[in-house]
């Protein structure tokens, strides 16, 4: 996990996953965040974040 | 506009990440080359996105949205006439010289090709401009946060500069470049929902066309005569002034962006950096021009029920600079509002860090090492580079306060940019492609071009600016004036350089090998797959760019 922090794509992916979680959890729990645009943007960022994390993992496998 | 806990949490998370990137990179910094040049080891996808992101500063993002609102779709000319062609030219023709010459900076290339005095002139003007540009960006952000969020101006300046300082001091250029990539994605993903909801609210593209004057939705149709469009220029001035002189001058010679390509792993990657960067650049008008056009449409009587308006300035006219912040405020709820504000902060940091890292490379290599302290250990230059980073940030803070005192300093700086960047491209073009260009020709051409720019500005008057010699030629927009100033400065440099070169002695062929087109071994494609080669990629890009111009004609 710590090694992956050296990979930029992983760091970017992690950042967007966390932002997405704030939007999605906020949408589910908080009244002020309960707006469809938060839900859709959160889902979009979550997909992007996961993609960025996984794409690097695949590269790693190729190298090993 | 009021932020809630979730918004602050997103902003805080962003700060944690950019500083963390600095910490992660820190352990890789062993030499001055690592700190100032990233040891030419950065992967292509990162150099490409950093190349575009270094240009995606707060002034670019806010300014292009503002221009979209003021001039309409014509603003795409900055991308589809200006940037793309220049970026392709840089990748195909100029990177082999920058990268192949092993120069560490653009001024150093000028020294190799010409002489010390041409390098000194370029290094000094560039160093001053980057610090001022960085400071004005800092001022713009602090002012924006003060106006829209009510945050303390001084606190914004010191906190924002402090964060940039921490990560550039620790990780140097690599840290700045890595954060630029994060900032690029944040700007794109943070502003994308805005354009979707705002455009939907305005009735889509058809709604825009129905509610706006036709000049606002056509890129070329009303460019036959200057008085037929809001920019106040005809297609000839646009193609020459913006498409050729200003864009090529900026994208092909400004070390701030060229540096991102110079740190690629090899020649092929260096050449492809601006070309790969041109792909997102081609689509960038969706993020930074279209919102402005939509904003103006939403203010038309038919869409008054949407309740949106760009705020008015103190002079009672529309304050176009506030277009993007006002759209964010209108459409983004708590949560996404934090993302939008973070995207604005990211655009500022991206611009500032880019300027600071380019400044410390040029200052350390082209000023300090060349004229003050030569032949010291690498450790010495690494420490100097780090100290210069601190000074660069402090100078930026100083210029931010100067900008706060003089409300027209930004206009002045933009003018100085057009004075310096406009003629510079003529020096490079002649220097790289005409071996007869002499060192004396380059120096006097550069100086003469800059003086010609000042004279042109003194004889033209636009929006109350210029005309300080005699307001003989009125121009309807400041942007049109900038194109004309740049055109005359380029022409003057071009002619003076040729004349002086013909009257003075050029360098020998041996000295120019690897620095001039006719004396350099041609680089042929080494990549096996066609889509990795510079040639096919460039042709596809240019075809798509031309098609987009036709579609939005």
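The values are calculated or read from the model by the stated rules, or taken from the named source; none is laboratory data. Since this is a predicted model, take the numbers as computed values, not measurements. Here Cβ is always computed from backbone atoms with ideal geometry, including for glycine, and neighbour counts include all displayed protein chains.
Name the residues in the range B:1-45 that are in contact with a strand residue (DSSP E or B) (Cβ under 9 Å, 6 or more places away or on another chain) and within 9 Å of another protein chain (Cβ to nearest Cβ), would you? Selection gives B:43 alone. Would a scan of the range B:221-241 turn up a residue that is in a loop (DSSP other than H, G, I, E, B), in contact with a helix residue (DSSP H, G or I) (Cβ under 9 Å, 6 or more places away or on another chain) and closer than 24 Å to residue B:90 by Cβ? Scanning the range B:221-241 turns up no residue that is in a loop (DSSP other than H, G, I, E, B), in contact with a helix residue (DSSP H, G or I) (Cβ under 9 Å, 6 or more places away or on another chain) and closer than 24 Å to residue B:90 by Cβ. Could you tell me whether the range B:336-353 includes any residue that is buried (at least 23 other Cβ atoms within 10 Å of the Cβ), farther than 26 Å from residue A:41 by Cα and in contact (Cβ under 8 Å) with a residue 40 or more places away in the chain? Looking for residues that are buried (at least 23 other Cβ atoms within 10 Å of the Cβ), farther than 26 Å from residue A:41 by Cα and in contact (Cβ under 8 Å) with a residue 40 or more places away in the chain, one finds at least one in the range B:336-353, hence yes. Checking the structure you have, find out if any residue of the range B:103-111 is within 20 Å of residue B:281 (Cβ to Cβ) and over 18 Å from the mean Cα position of the chain (by Cα). Within the range B:103-111 (the criterion being within 20 Å of residue B:281 (Cβ to Cβ) and over 18 Å from the mean Cα position of the chain (by Cα)), the answer is no, since none of the residues qualifies.
Please find, among B:164, B:177, B:181, the residue that is buried (at least 19 other Cβ atoms within 10 Å of the Cβ), modelled with pLDDT of 90 or more and in contact with a strand residue (DSSP E or B) (Cβ under 9 Å, 6 or more places away or on another chain).
Numbers: B:164 fails: in contact with a strand residue (DSSP E or B) (Cβ under 9 Å, 6 or more places away or on another chain); B:181 fails: in contact with a strand residue (DSSP E or B) (Cβ under 9 Å, 6 or more places away or on another chain).
One residue alone meets the criteria, B:177.
Report yes if residue B:261 is in the same structural domain as residue B:93 (by TED's automatic domain parsing) and touching a strand residue (DSSP E or B) at 6+ places or on another chain (Cβ under 8 Å), otherwise no. Taking the combined requirement at face value, the residue does not satisfy it. Checked across the range B:71-85, the condition of being crowded, with 24+ Cβ neighbours inside 10 Å and farther than 21 Å from residue B:478 by Cα holds for at least one residue. Within the range B:25-43, the set of residues being surrounded by fewer than 21 Cβ atoms within 10 Å (Cβ to Cβ) and in contact with a helix residue (DSSP H, G or I) (Cβ under 6 Å, 6 or more places away or on another chain) comprises B:26, B:31, B:33, B:39. Only one entry of B:54, B:69, B:58 meets the criterion of being away from every other protein chain (no Cβ under 14 Å), in contact with a helix residue (DSSP H, G or I) (Cβ under 7 Å, 6 or more places away or on another chain) and at pLDDT 90 or above, and that entry is B:69.
All of (1) surrounded by fewer than 21 Cβ atoms within 10 Å (Cβ to Cβ); (2) away from chain A (no Cβ under 14 Å); (3) more than 30 Å from residue B:16 (Cβ to Cβ) hold for residue B:251 with one exception: (1). Restrict the check to the range B:135-145 and report whether at least one residue is assigned by TED's automatic domain parsing to the domain that holds residue B:292, at pLDDT below 90, part of a loop (DSSP other than H, G, I, E, B) and surrounded by fewer than 20 Cβ atoms within 10 Å (Cβ to Cβ). No, that holds for no residue.
Taken across the range B:446-467, residues that are surrounded by fewer than 22 Cβ atoms within 10 Å (Cβ to Cβ), part of a loop (DSSP other than H, G, I, E, B), over 23 Å from the mean Cα position of the chain (by Cα) and in the same structural domain as residue B:232 (by TED's automatic domain parsing) do not occur at all. Could you tell me whether residue B:82 is closer than 21 Å to residue B:253 by Cα and modelled with pLDDT under 90? Yes: the conditions hold for residue B:82. Candidates are the residues of the range A:21-58 that are more than 10 Å from every other protein chain (Cβ to nearest Cβ) and surrounded by 16 or more Cβ atoms within 10 Å (Cβ to Cβ); the one that is nearest to the chain's Cα centre (by Cα) is A:46.
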